[in-house]
Each structure stands twice: as C-alpha cells, then as structure tokens.
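Participant: Encoded as structure tokens, here's the structure I'll be asking about.
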Amino acid sequence: MKKITTLSILAFGMILTSCNSASNKNNSTESTTQSMSDTVATTQPVHYEIAYLDNKKDPTCGMPVTAGVSDTAHSETKVIGFCSKECKTEFLKNPKAGLAAAALKK
Ligand SMILES: [Zn+2]
C-alpha cells in the first residue's frame with residue numbers, strides 16, 4: 001500500500017513537471033511569435049500601389065518599381081515611384097532626364 005502511494009506521488013510529480021515545462025515552452029513560443037508580428041507591423045513600409053505609378057523603373061537607380069516603392073514624386077502629369085527618398089531627391093534635381101530614364105508606361 002505504501003509502495004503504491006509513493007509511486008503515484010512520483011508519477012503525479014512527473015506529470016506536473018512535464019506539464020509545466022510544456023506550458024512554459026508554449027508560452028515562450030507565443031510571446032516570440034507575437035513580438036515578431038509586432039515588429040513586422042511597425043517596420044512595414046508605406047505601401048504604394050504599383051498600378052497608380054507611371055514608371056516601370058526607378059529613374060535614378062534603374063530598379064523595377066515592382067521590387068518596392070518607398071516614395072513617389074509627381075512630374076508633369078506623371079506619378080513616378082522610387083525605391084528610396086535618395087532616388088527621389090536625385091530625380092528632382094533633373095526631372096526631365098529622370099522621366100526619360102523612368103521607362104514610362106504608355
Ligand atoms: Zn532607386
């Protein structure tokens with residue numbers, strides 16, 4: 001009788017331990033996932049709709065706008081997308097040459 005009680009206490013203790021470690025694991029995974037999704041949400045760049053742009057390529061660096069647009073400029077009647085502010089600044093120094101290099105959509 002005494003033996004059975006000891007065994008059951010041991011078994012119970014083992015279950016508790018395994019439960020604890022399992023739930024701890026789950027908790028840490030959850031918090032990691034949550035902080036990761038938070039980071040994604042805060043660092044997500046402003047989304048520009050490629051369809052509204054009149055250029056296919058960043059006129060300054062030649063990168064396709066489908067690779068990502070983080071800034072835009074209006075020139076004449078065109079909306080030009082750029083991969084970065086630096087490219088936009090460069091474009092604004094000489095918009096005419098930029099438009100020629102922008103691979104404008106027809
Ligand atoms: Zn660029």
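Participant: For the stretch 68-90, how many residues are within 9 Å of the ligand (Cβ to nearest atom) and in a helix (DSSP H, G or I)?
Facilitator: 4
Participant: Okay, moving on. Please go through the stretch 68-106 and give me each residue that is of a type in the set (Gly, Ala, Ser) and open to solvent by less than 70 Å² (accessible area, probe 1.4 Å), ordered by number. Spell out how you get there, then give the answer.
Facilitator: Within the stretch 68-106, the first condition is being of a type in the set (Gly, Ala, Ser), and the residues that meet it are 68, 70, 73, 75, 81, 84, 97-98, 100-103.
The answer is GLY68, SER70, ALA73, SER75, GLY81, SER84, ALA97, GLY98, ALA101, ALA102, ALA103.
Participant: Filter the stretch 52-84 down to the residues that are under 22 Å from the mean Cα position of the chain (by Cα) and among the small types (Gly, Ala, Ser) and list them by number.
Facilitator: ALA67, GLY68, SER70, GLY81, SER84
Participant: So, in the stretch 47-67, of the ones that are within 11 Å of the ligand (Cβ to nearest atom) and among the charged types (D, E, K, R), which residue ends up surrounded by the most Cβ atoms within 10 Å (Cβ to Cβ)?
Facilitator: ASP58
The values are calculated or read from the model by the stated rules, or taken from the named source; none is laboratory data. Model, not experiment: these values are computed from the prediction. Note that each Cβ is placed from the backbone with ideal geometry, even for glycine, and that neighbours are counted across all protein chains shown. Calculation scope for accessible area: heavy atoms of the full protein, side chains included, ligands and nucleic acids excluded. Shrake-Rupley method; radii C 1.70, N 1.55, O 1.52, S 1.80 Å.
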